[in-house]
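Structure incoming, see below.
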Amino acid sequence: MSSLFNQLAFIKLENGKSSLFLDLMKSPDGNEVTRSFPGNILFEVTQDDQDENSIIINEKWDSKVSWENYMKFRANSSFVNKLSSFLAAPPEFKIVSAID
C-alpha cells in the first residue's frame, strides 16, 4: 500500500461566486501556496463544465502527515475564512487511493 495521501474536495459555490472563488484561488495566497507547501505533489482545481458553481479539487500529498501539516497551516490563516464566504454548503471530502 502506498503512503501517498489523495483527497478530492467537492465544493458547491453560491450562485454568482465562481469568478470570485477562482480569483481567490489564483491569488498569491491561493493555489501556489498549496503547491509549494512541503509534501504537495498535486493540487488541481477543476470546474464542472455544466455547472460553474461546482468545483472539484484533486490533491495528492507525499503522506497524510504532510497533508495534516498543511491543514494546520491553513486553519491559522485568513485564507480559509475568505474561501468559506463563497460556499453554498460545507465541502465534501473523499479520501481516494489509486488502483492502477
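Go through the residues of segment 8-23 one by one and say whether even a single one is of a type in the set (G, A, S) and part of a strand (DSSP E or B). Write out each step before concluding.
The first filter runs over segment 8-23 and keeps only residues of a type in the set (G, A, S), leaving 9, 16, 18-19.
Applying the additional criterion that residues be part of a strand (DSSP E or B) yields 9.
For segment 8-23, residues of a type in the set (G, A, S) and part of a strand (DSSP E or B): present.
Just one of the numbered conditions (1) without any contact (Cβ under 8 Å) to a residue 60 or more places away in the chain; (2) surrounded by 18 or more Cβ atoms within 10 Å (Cβ to Cβ); (3) more than 15 Å from F93 (Cα to Cα) is not true of F21; which one?
The failed condition is (1).
Filter segment 27-36 for residues that are farther than 16 Å from Q7 by Cβ, within 12 Å of the chain's Cα centre (by Cα) and surrounded by fewer than 17 Cβ atoms within 10 Å (Cβ to Cβ) and give the result.
The answer is E32, and nothing else.
Continuing with this model, one more query. When you go through (1) touching a Leu at 6+ places or on another chain (Cβ under 8 Å); (2) without any contact (Cβ under 8 Å) to a residue 24 or more places away in the chain; (3) over 18 Å from F93 (Cα atoms); (4) not basic (K, R) one by one for Q50, which number turns out not to apply?
(1)
One line per residue, one yes/no per condition, for (1) under 30 Å from I99 (Cβ atoms); (2) at pLDDT below 95:
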residue	(1), (2)
L4	yes, yes
Q7	yes, no
N15	no, no
F21	no, no
T34	yes, no
P38	yes, no
V45	yes, no
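Hey, another quick one. So which residues in segment 44-66 are closer than 19 Å to L13 by Cα and over 14 Å from the mean Cα position of the chain (by Cα), if there are any at all?
Residues satisfying the conditions are D48, D49, Q50, D51, E52, N53.
Here's something else I'd like to know. Residues in segment 74-95 that are closer than 16 Å to K17 by Cα and touching a residue at least 60 places away in the same chain (Cβ under 8 Å): how many?
The qualifying residues number 6.
Could you please find all residues in segment 67-90 being small (G, A, S) and closer than 17 Å to L8 by Cβ?
A89 - this is the single residue of segment 67-90 that is small (G, A, S) and closer than 17 Å to L8 by Cβ.
Tell me, please, whether a residue that is aliphatic (A, V, I, L, M), at pLDDT 95 or above and in contact with a Gly (Cβ under 8 Å, 6 or more places away or on another chain) can be found in segment 75-93.
no
Within segment 57-73, which residues are closer than 21 Å to L24 by Cα and surrounded by fewer than 16 Cβ atoms within 10 Å (Cβ to Cβ)?
Within segment 57-73, N58, M71, K72, F73 meet the criteria.
The values are calculated or read from the model by the stated rules, or taken from the named source; none is laboratory data. Everything numeric here is computed off the predicted structure, so don't read it as measured data. As a convention, Cβ positions derive from the backbone with ideal geometry for all residues, glycine included, and neighbour counts pool all protein chains shown.
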